[in-house]
Structure formats: structure tokens, C-alpha cells
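Only one structure is covered here, and it is reproduced in the block below.
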Amino acid sequence: MARPLVEELARISETELHEVPKRVPDDMIYIRNWMREQPHLPVNIDDNLLLSLLRLSKFSMELTKRRVDEYFTIKTLAREMFTNRDPFLPEIQAVLKAGAILPLPKPTDRSSRIILYNYSNNLNPDIMSLKNILKVGGMLSDILLREDDYAVVAGITNWTNCKDFPVKYIGELTPAFFGKYARVIDEAFPLRVTGIYITSCPKILESAFNLGRGFLSKKINERVSLFSEANFQELHKKIPLHLLPEEYGGTNGSVKKLTEIWKDKIESHRDFFLEDEEFRTDESLRIGLPKTNSDLYGLEGSFRQLLID
């Protein structure tokens with residue numbers, strides 16, 4: 001049984017995502033029956049994830065099939081991102097305690113969920129690799145896909161604050177890094193991105209971000225804005241001041257409290273993360289050619305462009 005949407009999200013889902021509430025049960029049955037005919041796919045998919053993938057596909061059955069296949073396939077091809085996700089592992093605990101990635105409680109005026117990427121001196125490159133920071137981001141996104149109707153229906157607004165970003169990470173920001181993880185994020189967590197705002201961005205990091213933009217679609221590139229520390233207040237034109245956390249002059253929660261809330265929330269999903277390692281594709285059973293790492297990286301190791309609507 002689907003959670004009832006609040007009135008504004010119901011309106012968006014019906015007018016923009018083409019959801020017909022009375023038809024949703026039949027749509028879900030159709031996709032489940034299709035999955036049973038695909039020997040390489042898991043037999044089961046939980047209701048919340050399936051409904052989210054339908055909404056993210058604007059209820060196109062063919063696009064939903066592709067989303068379902070991509071969701072499970074990428075977890076097979078990029079195993080290092082989707083294994084060892086026990087929230088109590090020391091490397092995961094370090095990232096959770098740092099409050100590196102935090103959804104804010106109040107959405108934007110357009111109902112999208114604001115995600116703060118708190119990439120500042122709270123990060124310690126000696127005990128937190130970028131891979132593990134992204135892994136925790138993926139764990140959080142798995143929860144949003146299943147539980148956050150604002151993120152699924154109205155999209156996400158990404159705000160990255162880079163004041164005092166540890167320069168030691170710069171060496172990890174290679175074309176290979178951007179290409180691989182852009183693909184992983186696109187296929188495993190296909191939430192609609194409504195804006196990407198990067199604040200207090202030092203020049204050395206700006207060069208790395210500009211490199212990463214080469215893996216974004218033209219549409220998403222048009223939604224990216226970088227602000228220096230001196231121009232931080234320009235962010236308020238994108239995200240109003242009152243929607244920022246208390247530490248930034250707003251009223252949208254506090255970074256300290258949200259760090260505790262999301263650490264507890266991710267820890268409470270431990271059983272899910274342990275069980276989720278079983279839900280992968282079996283490429284030996286795929287009809288046609290099996291997917292391999294060359295499919296993740298593209299032909300001859302070249303990277304595919306990230307496409308997000």
C-alpha cells in the first residue's frame with residue numbers, strides 16, 4: 001500500500017509524473033511480472049522502491065524496466081560501493097559522525113528536498129576516503145528512495161559547502177573517479193536533480209569541479225552554480241536564507257542535531273543494508289550478453305555522460 005502523498009506532492013505527481021492513483025497497483029503488478037520473466041534479476045522488490053522507480057520514470061513502463069535493471073545491475077558492477085555497508089563499521093562511523101551528507105528537514109518552495117554536502121574541515125582524509133563518503137551518500141540515498149516522497153516526487157536540491165575543504169582529497173578527483181561515480185549515482189539513485197550549488201569553493205577545487213562537469217548533461221550543467229567564499233550570499237538567490245541550517249543563519253535545523261538524527265537513522269537501517277547485499281543481478285543468467293565492467297566504464301574505458309532529467 002502506497003503512502004498517501006501530501007496535497008502538493010500529489011498534484012506534482014499527477015501533473016508532472018503522470019501518476020494515475022487508481023492505476024498504480026496494476027502498474028506495480030505489471031513490473032513485478034516482467035521481473036519474474038528476467039532470470040538475472042532478483043525475484044522480489046519492495047513496494048516503496050518500485051513505486052519510486054515508477055515515479056522517477058514518469059510511469060513509462062519501458063523506462064521503469066530500464067531503471068529496475070540498472071538499479072540492480074550497477075550494484076553488481078560497482079560492488080565496492082554496495083558491500084560492507086554495515087553502519088557500525090569504523091570507516092562508516094567516521095563519516096556518519098562527521099555529518100558529511102545531511103538532508104534538511106524543510107523542503108524548498110517547490111517541494112524539493114535540500115541535501116547539504118558538508119565538505120569542510122569536518123572531514124579527515126586520513127580516515128575518510130572519498131569512496132567511503134560516497135558510499136555513505138549511497139546509503140542515505142537508498143533510504144530517501146524508499147521513504148522520502150519529497151525527494152522522489154519533487155527532486156533534490158544539492159548544496160555543497162566547501163569552506164576549508166581538505167586539499168588532500170584533490171588527488172582523488174580524477175577523470176576516472178568522476179566518470180565511474182557519476183554513472184553509479186545516475187543508475188542506482190536516479191533522483192531528479194533540480195539544482196547543484198557549491199559554496200566557498202577555492203580555486204583549486206573549482207578546477208576539479210569543472211572537470212567533473214564534463215560528465216554531466218547539458219541540462220544539469222545549466223543547473224550548476226559555483227560561489228566563492230566572498231560571494232556566499234549569492235546562494236540565497238537559489239536557496240532562501242531561512243531554508244539554510246541555523247549555523248548559516250537559517251531556521252532549517254542545525255548541522256549538529258541533523259548529524260545525530262541521520263547517524264541514528266542510518267544505523268537503524270542496519271538489517272536492510274546487510275540484507276541488501278543479496279539483491280544483485282546474476283549476469284550468468286541474463287538473456288543476451290552479460291553486463292561487465294566495460295559496460296560500467298563504456299567502450300574501451302571511455303566514460304559515458306551522466307544524464308539526469
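Worth pointing out:
- Stretch gain in nm, segment residue 254-residue 225, where the contour uses 0.36 nm per residue and the Cα spacing is subtracted: 8.1 nm
- Compared with the direct C-alpha span, the chain from residue 131 to residue 271 gains 48.2 nm at full extension, assuming 0.36 nm per residue.
- Solvent exposure of the chain as accessible area per residue, Å², 1.4 Å probe: 47
- Each residue of the stretch 273-283 is assigned a 3J(HN,Hα), and the resulting list reads 5, 5, 6, 4, 5, 7, 8, 9, 7, 10, 5 Hz, derived from the Karplus form 6.51 cos²θ - 1.76 cosθ + 1.60 (θ = phi - 60°), x at Gly and Pro.
- Cross-link reach list, lysines versus residue 168, counting only Cα pairs under 18 Å and skipping chain neighbours closer than eight places: 131, 203
- The chain: angle of helix 24-36 to the longest principal axis, Cα-based, in degrees nearest 10: 70
- 3J(HN,Hα) from dihedral phi, the stretch 286-291, Karplus parametrisation 6.51/-1.76/1.60, rounded to Hz, x for glycine, proline: 5, 6, x, 6, x, 7
- Of all DSSP beta bridges confined to the stretch 72-184, the antiparallel ones make up roughly 35%.
- Per residue of the chain, the DSSP helices (runs of n ≥ 4 H) give a summed -39500 (n - 2.57) that works out to -13000 deg cm²/dmol at 222 nm.
- A P(r) calculated from all alpha carbon pairs of the chain, with 20 Å bins opening at zero, reads 32, 61, 7 percent.
- As a fraction of the 1.4 Å probe accessible area of the stretch 155-309, surface on carbon and sulfur atoms comes out at 55 percent.
- C-alpha long axis of helix 203-212 to longest principal axis of the chain, angle in °: 10
- The protection proxy used here, the mean number of other Cβ atoms lying within 10 Å of each residue, ranks peptides 38-49, 134-145, 283-294 as follows, highest first: 134-145, 38-49, 283-294.
- Residue-wise HN-Hα coupling along the stretch 126-134, computed from phi with Karplus coefficients 6.51, -1.76, 1.60 (Hz; x: Gly, Pro): 6, 10, 10, 7, 4, 4, 6, 5, 5
- Considering only the Cα atoms of the stretch 210-302, their convex hull presents on average a projected area of 10.6 nm².
- The chain: antiparallel DSSP beta bridges as a percent of all, rounded to 5: 15
- For the stretch 59-136, the share of accessible area belonging to carbon and sulfur comes to 50 percent (1.4 Å probe, ligands and nucleic acids excluded).
- Candidate lysines for bridging to residue 256, where Cα separation is under 22 Å - those fewer than 8 sequence places away on the same chain excluded: 97, 106, 135, 163, 265
- Annotation note: GluC sites (Glu not before Pro) in the stretch 189-243 located in DSSP loop regions with a Cβ neighbour count of at most 10 within 10 Å are 222.
- By the rule of a C-alpha distance below 13 Å, with chain neighbours fewer than 8 residues away ignored, the aspartates and glutamates paired with residue 237 are 109.
- Loop-resident GluC sites (Glu not before Pro) (DSSP state other than H, G, I, E or B) in the stretch 1-39 with no more than 14 further Cβ atoms inside 10 Å of their Cβ: 16, 37.
The values are calculated or read from the model by the stated rules, or taken from the named source; none is laboratory data. From a predicted model like this one, the values you see are computed outputs, not experimental measurements. No Cβ is skipped: glycine too gets one built from the backbone with ideal geometry, and neighbour counts run over all protein chains shown. Ligands, DNA and RNA are excluded from the accessible area calculation, which covers all protein heavy atoms including side chains. Shrake-Rupley method; radii C 1.70, N 1.55, O 1.52, S 1.80 Å.
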